[in-house]
Amino acid sequence: MTEVSGIGGFILLVLDIWAIVSIVGSSASTGKKVLWVLLVVLLPLLGFIIWLIAGPRSAKA
């Protein structure tokens, strides 16, 4: 069972890194970027889900 949670943790880490890169590359203001990154870092799963629904998107559209 430890391997499953380890794999899940790794997947969550990759998704959080993807979210942070997307946040930093977005056209949002610096203050909003900092708040979004803090949310994703402090609450990895919940922060990622909230970002996925309502967060700023990357500027390359």
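The values are calculated or read from the model by the stated rules, or taken from the named source; none is laboratory data. The structure displayed is predicted, hence computed values, not measured ones. No Cβ is skipped: glycine too gets one built from the backbone with ideal geometry, and neighbour counts run over all protein chains shown.
In region 35-49, how many residues are assigned to a helix (DSSP H, G or I) and without any contact (Cβ under 8 Å) to a residue 12 or more places away in the chain?
5
Mind checking which residues of region 10-38 are farther than 10 Å from P56 by Cβ and of a type in the set (S, T, Y)?
T30
Kindly evaluate S26 against the criterion of being more than 22 Å from I11 (Cβ to Cβ), in contact with a strand residue (DSSP E or B) (Cβ under 7 Å, 6 or more places away or on another chain), small (G, A, S) and modelled with pLDDT under 95.
yes
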